[in-house]
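The values are calculated or read from the model by the stated rules, or taken from the named source; none is laboratory data. Keep in mind that what you see is a predicted model, and the values were worked out from it rather than measured. Ideal geometry is used to build each Cβ from the backbone, glycine not excepted, and the neighbour counts take in all protein chains shown.
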Amino acid sequence: MVAATFCICLAPAVGGWAAQREAKTPYYQLSLTPDGATIESLQVDALGQGRFRPNVLFPPQAGGAGSGWRFEFQRQSLTMTSVYRRGAAAAGLTLRFNPEVSHATLLALVNDGQASLPAVLYLPEEGPVRIEAASREPVKLGYDAHRRPTGYVEVTFPAATEANPRVVYTLTVTAIYPHIPGVEADPRFDGFRRDFLNIFQVQAEDGVLANNAASDPCAFVQHMYSEVARYTPPLAPGLTAMDLVRMSLDKYLAGALAYGLPGYQMFDGTPGETGGFRTPSADSYPSMLVAAGDYVETTHDTAWLARSYQGLRAWTEAMLATDTNGNGLIKYAASGNAGSWVRKANGDPVLRPANWWDTIGFGYEDAYSNALAYHALMQMTEMAQLDQHPADAALYRERARRLKAAYLPTFMDEKTGVLAGWRSQDGKLHDYYFPWVNGAAVVYGLAPASVGNHIFDRLLAKMKEVGFTHFELGLPGNLIPIRREDSVTLDHRWGGPGREDGSDGFQIYENGGATASYAFYTVAALYKLGRVKDGDGILFPILKGVKEGGFEGRGPNGLTYDWKDWKGGPHGYEGFLSDNFMVLAAVMHRPETAAGTQ
């Protein structure tokens with residue numbers, strides 16, 4: 001579209017300039033306020049295809065940045081320059097993003113609402129904008145976000161000061177994704193290339209990776225971030241996705257709380273409302289340990305491991321201590337027995353279940369959490385060896401062996417031929433044809449190929465039998481309804497059923513609703529089993545949904561598209577749930593594309 005350089009020069013005082021106020025290139029569209037003081041609209045396409053969504057910014061607040069900023073536009077970048085003038089100092093320039101259009105986030109090292117540079121301003125479904133600054137003294141961006149009463153994400157660029165008289169910010173639109181042979185010119189991978197960073201959302205208040213910039217951080221999804229970070233190219237000079245993983249882990253090692261850990265205060269700030277965990281969820285410590293293992297394996301940061309080892313060891317010991325009957329499997333405090341879930345007067349559960357799927361009655365011996373725990377023990381064995389703790393390494397290797405030996409005998413449902421979700425304390429199996437549970441067992445090496453193929457023959461046949469074919473919506477977490485006795489909530493809004501068989505809540509939220517969250521395990525398992533056609537049949541429709549923004553935004557009913565029924569009707573609440581995008585890492589497990597990473 002536009003190859004020339006655009007330059008806008010503004011006078012220190014308002015008036016007199018007839019400068020151009022807009023820039024349009026294949027990579028971004030931008031306009032300034034009529035007085036030229038600040039940016040009033042911004043649209044980005046990191047692939048340079050001129051595919052623009054609506055303006056992501058709220059109207060600038062009255063007063064704005066004032067005069068004194070100079071803007072220069074190039075094809076893929078723009079610069080914003082602030083020069084200090086005695087008696088006429090410019091205010092900082094604040095961009096206020098509308099999360100109903102795009103859940104913007106700032107990928108940076110964040111503490112107390114201040115973000116170090118370089119950083120990446122990331123706009124989901126649009127792409128990354130790298131931010132760098134040149135100045136006498138380092139500058140940090142202001143970063144703030146909330147979701148109630150009116151959601152916003154706010155980034156502030158400090159102006160020049162007497163001590164820092166000239167600050168030049170360079171913003172560069174650039175696609176950041178693994179450059180694998182075969183994906184560059186194939187439009188099926190457009191969603192992968194434009195949106196590869198979707199999973200990374202730094203929560204502004206706590207400075208950790210979270211559901212989105214204005215939502216809750218969760219302890220049990222840290223491995224999702226590290227799985228994608230393993231393949232992510234540098235975000236900017238001196239900044240990687242693994243730096244964001246480490247930033248989060250450091251805060252949890254220092255005692256920070258998140259959903260899934262006892263005492264966490266929900267981000268909405270409702271007085272007295274906690275996450276509902278008396279003990280850590282069964283997948284919290286495994287997830288954080290896997291993230292730590294991925295970090296060390298990828299970065300070779302042995303100094304960090306030495307500093308962190310005792311904290312990681314404490315998590316491991318706490319995880320292993322839950323094996324109260326000595327059969328090798330980790331346990332959760334709730335029994336998971338049918339009909340055992342106690343609810344408050346408002347219908348919310350007194351105690352949340354064992355894992356991420358927090359409206360389904362996972363308890364006691366949870367198949368998913370144990371698969372993740374096995375992987376965590378293997379990772380911890382490697383870290384113990386690397387940090388020269390041979391006794392620990394031997395112990396964790398043996399505990400991993402015992403867990404694996406107990407796994408298939410405990411969770412295989414001979415009636416269905418697939419792994420059940422959990423075995424409750426009364427010995428009963430609870431099997432709702434969970435594709436992701438079975439996928440995790442294959443991905444993490446607990447189900448060998450012969451067993452894995454047997455399982456997925458039955459799962460795919462069941463999926464066909466129940467009529468789920470619209471993979472652009474994601475995947476259902478369960479293929480048959482969750483019975484009322486195994487439902488943690490009875491609120492229909494969250495898939496809670498009135499009928500005993502659960503059918504009246506089916507396809508709503510976690511009770512069989514479609515989501516890309518945890519679809520990674522199904523697709524990656526199929527690829528590991530060599531079933532490329534089956535994996536592609538799910539992955540490519542999901543990538544199409546990602547490209548079209550199908551997993552974010554709000555529908556006519558006021559609910560959001562992070563969860564959908566099988567006709568595509570929205571039943572979510574986040575508006576943007578970063579967990580949906582672990583599935584993009586499945587591309588790296590695809591045999592045809594994984595070969596390009598060797």
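Computed values, structure above
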quantity: Lone unmet requirement of (1) over 18 Å from I199 (Cβ atoms); (2) at pLDDT 95 or above for A595; calculated: (2)
quantity: Flag if G512 is in contact with a helix residue (DSSP H, G or I) (Cβ under 9 Å, 6 or more places away or on another chain), touching a residue at least 24 places away in the same chain (Cβ under 8 Å), outside the structural domain of S287 (by TED's automatic domain parsing) and farther than 30 Å from L123 by Cα; calculated: no
quantity: Neighbours by Cβ (under 8 Å, 6+ apart or cross-chain): first from region 173-199, more than 19 Å from Y27 (Cα to Cα); second modelled with pLDDT under 95 and in a loop (DSSP other than H, G, I, E, B); calculated: none
quantity: Helices (runs of 4 or more DSSP H) contained in region 514-598 and holding at least 2 residues in contact with a Pro (Cβ under 7 Å, 6 or more places away or on another chain); calculated: 519-528
quantity: Cβ pairs under 8 Å, 6+ apart, first in region 12-36 and under 19 Å from L93 (Cα atoms) and in a loop (DSSP other than H, G, I, E, B), second modelled with pLDDT of 85 or more and of a type in the set (F, W, Y); calculated: G36/F71
quantity: Scan of region 139-169 for residues that are touching a Lys or Arg at 6+ places or on another chain (Cβ under 8 Å) and either surrounded by fewer than 19 Cβ atoms within 10 Å (Cβ to Cβ) or of a type in the set (S, T, Y) (or both), ordered by number; calculated: Y152, E162, A163, N164, P165, R166
quantity: Output for region 438-457, where each listed residue is over 14 Å from R401 (Cα atoms) and aromatic (F, W, Y); calculated: F456
quantity: Single residue of region 357-376 satisfying the filter (out of contact with any Asp or Glu (no Cβ under 9 Å at 6 or more places or on another chain) and among the aliphatic types (A, V, I, L, M)) that is farthest from D501 (Cα to Cα); calculated: A376
quantity: Candidates A405, A376, A371, A393 - the one that is of a type in the set (G, A, S), surrounded by fewer than 16 Cβ atoms within 10 Å (Cβ to Cβ), in contact (Cβ under 8 Å) with a residue 12 or more places away in the chain and in a helix (DSSP H, G or I); calculated: A405
quantity: Condition met for L107 (in contact with a Leu (Cβ under 8 Å, 6 or more places away or on another chain), surrounded by 23 or more Cβ atoms within 10 Å (Cβ to Cβ) and either among the acidic types (D, E) or farther than 19 Å from I39 by Cα (or both)); calculated: yes
quantity: From the options E485, E472, E465, residue that is over 19 Å from D413 (Cβ atoms) and assigned to a helix (DSSP H, G or I); calculated: E472
quantity: Qualifying residues in region 546-560 (those that are charged (D, E, K, R) and in contact with a Phe, Trp or Tyr (Cβ under 8 Å, 6 or more places away or on another chain)) - the one nearest to F52 (Cα to Cα); calculated: E552
quantity: Selection count, region 81-100, where residues are surrounded by fewer than 22 Cβ atoms within 10 Å (Cβ to Cβ), within 23 Å of the chain's Cα centre (by Cα) and at pLDDT 95 or above; calculated: 2
quantity: Subset of region 170-186 [assigned to a loop (DSSP other than H, G, I, E, B) and crowded, with 16+ Cβ neighbours inside 10 Å]; calculated: T174, A175, I176, Y177, P178, I180, V183
quantity: Odd one out for K462, checked against (1) surrounded by 18 or more Cβ atoms within 10 Å (Cβ to Cβ); (2) without any contact (Cβ under 8 Å) to a residue 60 or more places away in the chain; (3) touching a Phe, Trp or Tyr at 6+ places or on another chain (Cβ under 7 Å); calculated: (1)
quantity: Single unsatisfied condition, A134 versus (1) without any contact (Cβ under 8 Å) to a residue 40 or more places away in the chain; (2) not in a strand (DSSP E or B); calculated: (2)
quantity: A441 vs. criteria among the aliphatic types (A, V, I, L, M), free of Cβ contacts under 8 Å to residues at least 60 places away in the same chain, over 18 Å from P353 (Cα atoms) and out of contact with any Lys or Arg (no Cβ under 9 Å at 6 or more places or on another chain); calculated: no
quantity: Any hit, region 40-48, residues being hydroxyl-bearing (S, T, Y), surrounded by fewer than 20 Cβ atoms within 10 Å (Cβ to Cβ), under 28 Å from the mean Cα position of the chain (by Cα) and at pLDDT 95 or above; calculated: yes
quantity: Residue in region 174-195 that is modelled with pLDDT of 95 or more and under 14 Å from L106 (Cα atoms) present; calculated: no
quantity: E485 vs. criteria under 24 Å from K331 (Cβ atoms), among the acidic types (D, E) and modelled with pLDDT of 95 or more; calculated: yes
quantity: In region 289-348, the residues that are of a type in the set (S, T, Y) and closer than 30 Å to A241 by Cβ; calculated: Y295, T298, T299, T302, S308, Y309, T316
quantity: Among (1) out of contact with any strand residue (DSSP E or B) (no Cβ under 8 Å at 6 or more places or on another chain); (2) on the phi > 0 side of the Ramachandran plot, the one test that G68 misses; calculated: (1)
quantity: R352 vs. criteria of a type outside the set (G, A, S), part of a loop (DSSP other than H, G, I, E, B) and at negative phi; calculated: yes
